[in-house]
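Student: First the structure, which I've put down as structure tokens, then a few questions once you've had a look.
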Amino acid sequence: MERPSWAPADVDLDRPSVARVYDYYLGGSHNFAADRAFGEQVLRMVPEVAAVARSNRAFLRRAVRELARMGVRQFLDLGSGIPTVGNVHEVLADAGVTDARVVYVDDDPVAVAHSRIILADVPGTAFVDGDLRKPAEVLADPEVGALLDLTEPVAFLLVAVLHFVPDEQRPADIVAGYAAAAAPGSHVVISHVGIDRPLTAAEEDAYEMYRKSPTPLIMRTSQQVAAMFGDLTVLEPGVVATFDWRPDGDDEPKPEDSAVGHAGVARKD
């Protein structure tokens, strides 16, 4: 197939990428035949997965809007993925926030290439090719330091990404690493795949596909996700189903209960 200009030469277009599959679920255009085939196979098993992906993106919009209303003007989007509908800076612009600063961080080659293209002329934004699992390295990056002032509140966005971090890499410690470097009034936003009940047979089959993918996925309970916030103060309504976090009536319809995720926002006091 013809390689688009935003796909680096060393990216294998015949191997599905979880980031591009997610883009496909959201109706984006940055995916290839292998990604669509993988996504369609999952959707045949669990049709609600696409609605869950849209619900997760809607949660991101609501959380960013809410933090902006609270006065937060600095955002670090960790594991930002391939730019698709509803980037953080677009959500802020739609909310009339013109003085915010946003840094996106990812190490997926396609995300790196395309993010740099679309952000090149967007004021108040930057992209860092970095590994979110290494808070000290990310926060020490010159582009982060040039745009964000860690002596002022920052929102750390870990949306639909920590389920790719295995237990042995201690996702709670990753969250704590960012929070420790932040000023009081900073926030951590997390959404995570998981269900507080046994999986159905179809869900187990779909989960097995992701476990065997190049980027294995780990489902966790809401209690496990809540523990990732450590000693931060979790805002109301707590860690809940993604679509139940401060719904405002403007988002995608609530998915069926057969496939959901957990979400929450916490503050550093």
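Student: So, in segment 30-69, of the ones that are at pLDDT 85 or above and touching a strand residue (DSSP E or B) at 6+ places or on another chain (Cβ under 8 Å), which residue ends up farthest from P171 (Cα to Cα)?
Tutor: E66
Student: Another question, then. Restricting attention to segment 135-194, report how many residues are touching a His at 6+ places or on another chain (Cβ under 8 Å) and either exposed (fewer than 14 other Cβ atoms within 10 Å of the Cβ) or part of a helix (DSSP H, G or I) (or both).
Tutor: Total meeting the criteria: 2.
Student: Would you be able to say whether some residue in segment 245-256 is crowded, with 21+ Cβ neighbours inside 10 Å, under 28 Å from G71 (Cβ atoms) and not polar (S, T, N, Q)?
Tutor: Scanning segment 245-256, I find at least one residue that is crowded, with 21+ Cβ neighbours inside 10 Å, under 28 Å from G71 (Cβ atoms) and not polar (S, T, N, Q), so the answer is yes.
Student: Is there any pair with a first residue in segment 223-241 that is farther than 18 Å from F59 by Cα and a second that is of a type in the set (D, E, K, R) and assigned to a strand (DSSP E or B) whose Cβ atoms are under 6 Å apart and which are 6 or more apart or on different chains, and what are they?
Tutor: These pairs meet every condition: T233/R267.
Student: Sticking with this one: Given (1) of a type in the set (A, V, I, L, M, F, W, C); (2) in contact with a helix residue (DSSP H, G or I) (Cβ under 8 Å, 6 or more places away or on another chain); (3) assigned to a helix (DSSP H, G or I); (4) over 16 Å from A179 (Cα atoms), where does V122 come up short, assuming only one miss?
Tutor: The single condition V122 does not satisfy is (3).
Student: Oh, and also: Can you confirm whether D205 is surrounded by fewer than 17 Cβ atoms within 10 Å (Cβ to Cβ), modelled with pLDDT under 95 and in a loop (DSSP other than H, G, I, E, B)?
Tutor: Working: surrounded by fewer than 17 Cβ atoms within 10 Å (Cβ to Cβ): yes; modelled with pLDDT under 95: yes; in a loop (DSSP other than H, G, I, E, B): no.
No: the conditions fail for D205.
Student: Also, I was wondering about something else. Which ones in segment 214-234 are touching a helix residue (DSSP H, G or I) at 6+ places or on another chain (Cβ under 6 Å) and at pLDDT below 95?
Tutor: The answer is T215, L217, I218.
Student: Here's something else I'd like to know. If you take the residues of segment 87-104 that are over 15 Å from the mean Cα position of the chain (by Cα) and crowded, with 21+ Cβ neighbours inside 10 Å, which of them is nearest to F127 (Cα to Cα)?
Tutor: A100
Student: Now a separate question. Quick one: which residue in D131, D99 is in contact with a Gly (Cβ under 9 Å, 6 or more places away or on another chain), without any contact (Cβ under 8 Å) to a residue 40 or more places away in the chain and not in a helix (DSSP H, G or I)?
Tutor: Just one listed residue meets the conditions, D99.
This table checks each residue for (1) modelled with pLDDT of 90 or more; (2) assigned to a helix (DSSP H, G or I); (3) out of contact with any Cys (no Cβ under 8 Å at 6 or more places or on another chain); (4) not hydrophobic (A, V, I, L, M, F, W, C).
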residue	(1), (2), (3), (4)
G71	yes, no, yes, yes
D77	yes, no, yes, yes
P83	no, no, yes, yes
H89	yes, yes, yes, yes
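Student: Please state which of the following conditions V159 fails to meet, knowing it meets all the rest: (1) in contact (Cβ under 8 Å) with a residue 24 or more places away in the chain; (2) out of contact with any strand residue (DSSP E or B) (no Cβ under 9 Å at 6 or more places or on another chain); (3) not hydroxyl-bearing (S, T, Y).
Tutor: With (1) in contact (Cβ under 8 Å) with a residue 24 or more places away in the chain; (2) out of contact with any strand residue (DSSP E or B) (no Cβ under 9 Å at 6 or more places or on another chain); (3) not hydroxyl-bearing (S, T, Y) applied to V159, the lone miss is (2).
Student: For segment 208-222, name all the residues that are in a helix (DSSP H, G or I) and either without any contact (Cβ under 8 Å) to a residue 40 or more places away in the chain or of a type in the set (S, T, Y) (or both).
Tutor: Passing the criteria: E208, Y210, R211, S222.
The values are calculated or read from the model by the stated rules, or taken from the named source; none is laboratory data. As the structure is a computational prediction, the values presented were derived from the model and not from experiment. All Cβ positions, glycine included, derive from the backbone under ideal geometry; neighbour counts span all protein chains shown.
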